[in-house]
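Presented below is the structure to which this report refers.
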Amino acid sequence: MICTSVTPESRSFAKVDILNAAAQSDLVELCLDRLIKTPDIGDLIAGFDVPILVSCRRPEEGGSFKGTESERINLLKQAIIAEPAYIELDLETAQQIPRFGKTKRVISYTSLKKPLAAVDDIFDEMEDAKADIIKFTWPTPTLQTAWPLLAAISQKREIPVVGLGLGAAGITFSLLGLKYGSPWIYAALEKGMEAFEGQPTLAELDEVYHHKKISAKTRFIGVAGLGVAERRTVEVFNKASEQLGLDFICLPLMINDFKQVHKMLGILKIRSLVVSPRMGEFILPLAEHLEESSQATGYGDLQLNQPDGWHAYDTVRRSAVKSLEATFEEHTTGSTSAFQRKNILVLGSSGLTKAIVYSLVQQGAVVSVASGNDKAAQAIARAFDVRYVPFANLYDTLSDIVIQTDPELKLGPGKTEFNPAYLRETMTVMDISQLPEETELIREAEGRGCEVVDVNEVYRKQLNQIFKAITGSEIPEAVFESRSEYTK
């Protein structure tokens, strides 16, 4: 069940917001704390078919009420008299306001600074305050901080528990809540109307996360990270699963350390973890077994849980090299390598850099490495027996192919910047530093007449590899053609 929060400032627009939310959700929360003038609550909530929950929170609870505490309590009392389906009361306020009529009491505990350590201790107090539903709210920047909140809602109790995670992993908690029995989860009506920072909108829950498909039987695919690229992966995988009739849904995971992660993934029955290129090095230690390339490079972007433990694989290097090869296919014959007699300059010093260099060396290519971090680039060159180019000497280096792997590299004339004047129309350029996005370097290369490897093709090849490894099926081509505003 979805509860849409509306946070109007004007009484005249409050009913419109409720009407719009009611058409798309199962429950509407009317937050009174931002209203500039005292409302007629009975008039505001009258005439709607969906149940209404009324709240009025103090700033220390994440709300915006600027009046006195006495004024806030009086406003809540007026709300109860109007008989909404639910009224939200913090524990202290609930002890001052008795039950009235048919309105159910949502007794809440909010901590804006840290998770609650002992849920059971305060649970009894909330039960004594005549709670019909208990609500916990606290910061969830990572999977680890969301874990106690998940435990609170997933335990079988006489009083249902609703949880609200604040921060990066709030969406993680919400999706898990749908699977593990939370009475409802929260959403904003639209962008700019969030009750708290980072709250997903109804459209985002639907178009990107496919929340309506989630049930107790849903199998989650873990996606490490919460950036635009990761959301795009989530969107593509979820659309593909829906079109193919598969019961897989992506679960975004914010992992900042590896303590207890294996145990958590096991409890959640997550057997696959998709990793963006920028996190390929960081997440790799989570795996117990590495394929040969990951052993050599310290990089992996897919982890699968096999009977003997977690295995790491490197998919992006394969898709990148295949896309680069396809660019030269028409110029090569027989067994001749597409990279024969080609000088390839790889820019970067990350795990992705190592993965690309490793793959090109396997193809017999002539490779040079350069980076704003000369020491790191020199170490890569030494490890894979390729040429090291000091960044200061970059512009004296001839190359046929330029591959950019460093998301931090800026274009410009500075000492640690890459000057696009280096590019010539005879060159081929591939930039995979910000998959699946088209970068400034790609646009510069196109403008200078270079042959540019299609970054979308690299991305499609990579996601197809991953999706097939997890589900056994390939992504329908049409899935890649549509894109929501939340992944642009």
- Query: Averaged per residue, what accessible area in Å² does the chain show with a 1.4 Å probe, protein chains only?
  - Reply: 44 Å²
- Find out how many positive minus negative residues lie around I214, taking Lys and Arg as positive, Asp and Glu as negative, among other residues whose Cβ is under 10 Å from that of I214. +3
- Task: Give the residue from Q340, N373, I356 lying farthest towards the positive end of the charge dipole for the stretch 319-453; charges sit on Cβ (+1 for Lys and Arg, -1 for Asp and Glu) and the dipole is referred to the Cα centre.
- Result: N373
- Straight-line reach from K156: which aspartates and glutamates have a Cα under 15 Å away, not including same-chain ones fewer than 8 places off? D120, D124, E127, D132
- Item | Where labels lie 7 Å past Cα in the beta-carbon direction, separation of D120 and K259 in nm | 2.2 nm
- Gyration tensor over alpha-carbon atoms, the chain, equivalent ellipsoid semi-axes in Å: 51, 23, 20
- What lysines sit close enough to K104 to cross-link, taking a C-alpha to C-alpha distance under 18 Å and skipping anything fewer than 8 places away on the same chain? K77, K130, K135
- Query: What spacing in nm lies between the two simple spin-label points modelled at E92 and E288, each 7 Å away from Cα in the Cβ direction?
  - Reply: 4.9 nm
- Reach of K410 by Cα under 27 Å, taken over lysines that are not fewer than 8 positions away in the same chain: K322, K342, K354, K375, K461, K488
- Heavy-atom accessible surface of the stretch 2-198: percent carbon and sulfur, 1.4 Å: 50 percent
- Query: Residue-wise, which Karplus ³J(HN,Hα) couplings in Hz belong to the stretch 360-367, taking 6.51 cos²θ - 1.76 cosθ + 1.60, θ = phi - 60°, and x for glycine or proline?
  - Reply: 5, 4, 4, 8, x, 6, 8, 10
- Between the stretch 401-415 and the stretch 17-95, the Cα center-to-center distance that results, in Å: 52 Å
- For F123 the rounded accessible area (nearest 10 Å², probe 1.4 Å, non-protein molecules ignored) is 10 Å²
- Within the accessible area of the stretch 381-488, what % is carbon and sulfur when the probe is 1.4 Å and the other protein chains stay in place? 43 percent
- Taking the Cα centre of the chain as the origin and placing charges on Cβ (Lys, Arg +1; Asp, Glu -1), which of I185, Q96, Y388 is farthest toward the positive end of the dipole? Q96
- Output for the stretch 83-160 (equivalent-ellipsoid semi-axes, sqrt of 5λ from the C-alpha gyration tensor, Å, descending) is 24, 13, 11
- Just the C-alpha atoms of the stretch 319-453: what Rg/Rh do they give, with Rh taken as the Kirkwood radius? 0.93
- Computed [θ] at 222 nm, deg cm²/dmol, the chain (DSSP H ≥ 4; -39,500 (n - 2.57); rounded to nearest 500): -10000 deg cm²/dmol
- The farthest towards the positive end of the charge dipole of the chain, of the residues N464, S12, A82, given +1 on Cβ of Lys and Arg and -1 on Cβ of Asp and Glu, is A82
- Whole-Å distance linking the alpha carbon centroid of the stretch 154-202 with that of the stretch 238-260 is 17 Å
- Rounded to the nearest 20 debye, dipole of the stretch 319-453 from Cβ charges on Lys, Arg, Asp, Glu: 500 debye
- Amide H of T201: which non-local residues (sequence gap of 5 or more, or other chain) have their own amide H closer than 5 Å, using H built in the peptide plane? A188
- Task: Pop out the ³J(HN,Hα) list for the stretch 195-204 in order, Karplus 6.51 cos²θ - 1.76 cosθ + 1.60 with θ = phi - 60°, rounded to Hz; leave Gly and Pro as x.
- Result: 6, 8, 4, x, 5, x, 8, 4, 5, 5
- Query: For the peptides 183-189, 290-296, what is the packing order when you average, over each peptide's residues, the other Cβ atoms within 10 Å and list the highest mean first?
  - Reply: 183-189, 290-296
- Message: Spelling out what I want: for every residue of the stretch 246-255, take phi, set θ = phi - 60°, compute 6.51 cos²θ - 1.76 cosθ + 1.60 (Karplus), and round to whole Hz; glycine and proline get x.
- Response: 9, 9, 10, 9, 7, 10, x, 10, 9, 10
- Loop trypsin sites (Lys or Arg not before Pro), the stretch 98-179, which have at most 16 other Cβ atoms in a 10 Å radius of their Cβ (DSSP): R99, K102, K113, K130, K156, R157
- Message: I need the Kirkwood Rh of the stretch 2-198: take the reciprocal of the average 1/r across all distinct C-alpha pairs and report it in angstrom.
- Response: 16.8 Å
- Item | Rounded to the nearest 20 debye, dipole of the chain from Cβ charges on Lys, Arg, Asp, Glu | 540 debye
- E288: accessible area at probe 1.4 Å, nearest 10 Å²? 100 Å²
- Query: Are there trypsin sites (Lys or Arg not before Pro) in the stretch 272-380 that DSSP puts in a loop and that have at most 10 other Cβ atoms within 10 Å, and which ones?
  - Reply: R341
- Message: As an exercise, identify the trypsin sites (Lys or Arg not before Pro) in the stretch 1-41 lying in DSSP coil whose Cβ has no more than 14 other Cβ atoms within 10 Å.
- Response: K37
- Probe 1.4 Å, all protein chains in place: accessible area of E92 in Å², nearest 10? 100 Å²
- Item | Gained length - S482 relative to A379, 0.36 nm times residue gap less alpha-carbon distance | 32.9 nm
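The values are calculated or read from the model by the stated rules, or taken from the named source; none is laboratory data. Only a predicted model underlies this, so the values are computations on that prediction, with no experimental measurement involved. Here the Cβ is made from the backbone with ideal geometry for all residues, glycine too, and neighbour counts use every protein chain on show. To get the accessible areas, we keep the full protein, side chains included, count just its heavy atoms, and leave off ligands, DNA and RNA. Shrake-Rupley method; radii C 1.70, N 1.55, O 1.52, S 1.80 Å.
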